[in-house]
Amino acid sequence: MTLPRTPSFRLDGRRALVAGASSGIGLGAAVALAEQGADVVLAARGAAALAAVVDDMRAAGFRASALALDVTDIDATAAAVAEHGPFDVLVNSAGLARHSPATATTPADYDAVMGVNVRAAYFLAQAVARGLIAAGKPGSIITISSQMGHVGGIDRAVYAATKHAVEGMTKSMAIEWGQHGIRVNTLCPTFIRTPLAEQTLKIPERKAWILSKIKLGRVGEVEDIMGAVAFLASDAAALITGAALLVDGGWTAD
């Protein structure tokens, strides 16, 4: 009898684009893909921080390069993806949060968060998919969503709205692009210890609320999302599309 074999998690020979890659979850995603053999292009607005990260990755033996890019500039992003692509893997980790009670939300904050989390994410995925379709290649598009794409949260009406929107667009893109072998999924973390999350974690009552919701009893670390990113990018997830992979410590279990 011939035993089945687990598909490989390796990404040798594949090119990956990671947006929002200079720190936090984006940096973790870039390293995770590089560890599996991918040639990773790290994109972010801050050229200096990006260059430092790329230098560190190269020193560790990874294939990495920098691309200074503001994903809210839709035309420039499309041009950069067309020039440097096609990319076999996209991880869109660029994100913005401006938390406040729903009664205090300003139009400026609403537009800013929607502009990054929904508009920019939508058109970056579109640009990568266009490149893959033109090249006749399959691929994996991963957007870093949130557990807040599945539940609500205190002072998070706008942020949760953007992540619910990301979940919807992901399902629709998966339906449309499946015929081209392009898989489209989200990765939905709980609170991960990053500079962005520390704004909330430093407030004692908010930290207590967070820990009361996470069934495993701890805040996430960047390392907690790295295996999930590598999995969704790889052939091990070859039949997974239109899905949300929750890395939330059980937050959404009830």
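The values are calculated or read from the model by the stated rules, or taken from the named source; none is laboratory data. This one's a predicted model, so the numbers in the text were calculated from it and none came from an experiment. Quick reminder, even Gly has a Cβ in these numbers, built from the backbone with ideal geometry, and neighbours come from all protein chains shown.
Would you please list the contacts, defined by Cβ atoms under 8 Å and residues six or more apart or on different chains, that run from a residue in segment 233-254 that is assigned to a strand (DSSP E or B) to a residue that is surrounded by 14 or more Cβ atoms within 10 Å (Cβ to Cβ) and acidic (Asp, Glu)?
Going by the 8 Å Cβ cut-off, the qualifying pairs are 244/167; 247/224.
Here are some residues: 79, 29. Which one is hydrophobic (A, V, I, L, M, F, W, C), surrounded by fewer than 18 Cβ atoms within 10 Å (Cβ to Cβ) and assigned to a helix (DSSP H, G or I)?
Only one candidate passes the filter, namely 79.
Quick test for you: out of 71, 41, pick the one residue that is closer than 23 Å to residue 131 by Cβ, in contact (Cβ under 8 Å) with a residue 24 or more places away in the chain, in a strand (DSSP E or B) and touching a strand residue (DSSP E or B) at 6+ places or on another chain (Cβ under 7 Å).
41
Mind checking which residues of segment 179-213 are under 28 Å from residue 35 (Cβ atoms) and out of contact with any strand residue (DSSP E or B) (no Cβ under 8 Å at 6 or more places or on another chain)?
Result: 180, 194, 195, 196, 197, 198, 201.
Could you grab me the full set of residues in segment 121-132 that are among the hydrophobic types (A, V, I, L, M, F, W, C), in contact with a Pro (Cβ under 9 Å, 6 or more places away or on another chain) and free of Cβ contacts under 8 Å to residues at least 60 places away in the same chain?
Scanning segment 121-132 gives a single hit, 132.
For the list (1) modelled with pLDDT of 95 or more; (2) more than 15 Å from the chain's Cα centre (by Cα); (3) assigned to a loop (DSSP other than H, G, I, E, B), I need the number of the one condition that residue 58 fails.
Of (1) modelled with pLDDT of 95 or more; (2) more than 15 Å from the chain's Cα centre (by Cα); (3) assigned to a loop (DSSP other than H, G, I, E, B), only one is false for residue 58: (3).
Run residue 15 past the list (1) within 27 Å of residue 220 (Cβ to Cβ); (2) within 18 Å of the chain's Cα centre (by Cα) and report the number of the one that doesn't hold.
Residue 15 satisfies every listed condition except (1).
Regarding segment 201-214, can at least one residue be identified that is within 15 Å of the chain's Cα centre (by Cα) and either of a type in the set (Gly, Ala, Ser) or within 19 Å of residue 30 (Cβ to Cβ) (or both)?
Within segment 201-214, none of the residues are within 15 Å of the chain's Cα centre (by Cα) and either of a type in the set (Gly, Ala, Ser) or within 19 Å of residue 30 (Cβ to Cβ) (or both).
For segment 24-63, name all the residues that are among the small types (Gly, Ala, Ser) and closer than 21 Å to residue 144 by Cβ.
Of everything in segment 24-63, those that are among the small types (Gly, Ala, Ser) and closer than 21 Å to residue 144 by Cβ turn out to be 24, 26, 28, 29, 30, 32, 34, 38, 43, 44, 46, 49.
Is it the case that segment 153-167 has a residue that's closer than 24 Å to residue 112 by Cα, touching a strand residue (DSSP E or B) at 6+ places or on another chain (Cβ under 7 Å) and surrounded by 22 or more Cβ atoms within 10 Å (Cβ to Cβ)?
Checked against the condition, which is being closer than 24 Å to residue 112 by Cα, touching a strand residue (DSSP E or B) at 6+ places or on another chain (Cβ under 7 Å) and surrounded by 22 or more Cβ atoms within 10 Å (Cβ to Cβ), segment 153-167 yields at least one hit.
For residue 205, which of the numbered conditions (1) over 23 Å from residue 91 (Cα atoms); (2) loosely packed, with under 14 Cβ neighbours inside 10 Å; (3) of a type in the set (D, E, K, R); (4) touching a helix residue (DSSP H, G or I) at 6+ places or on another chain (Cβ under 8 Å) fails to hold?
(4)
Is there any pair linking a residue in segment 166-180 that is closer than 12 Å to residue 244 by Cα and among the aromatic types (Phe, Trp, Tyr) to one that is part of a helix (DSSP H, G or I) and at pLDDT 95 or above, with Cβ under 9 Å and at least six apart or on different chains, and which?
As it stands, the answer is none, since no pair meets every condition given.
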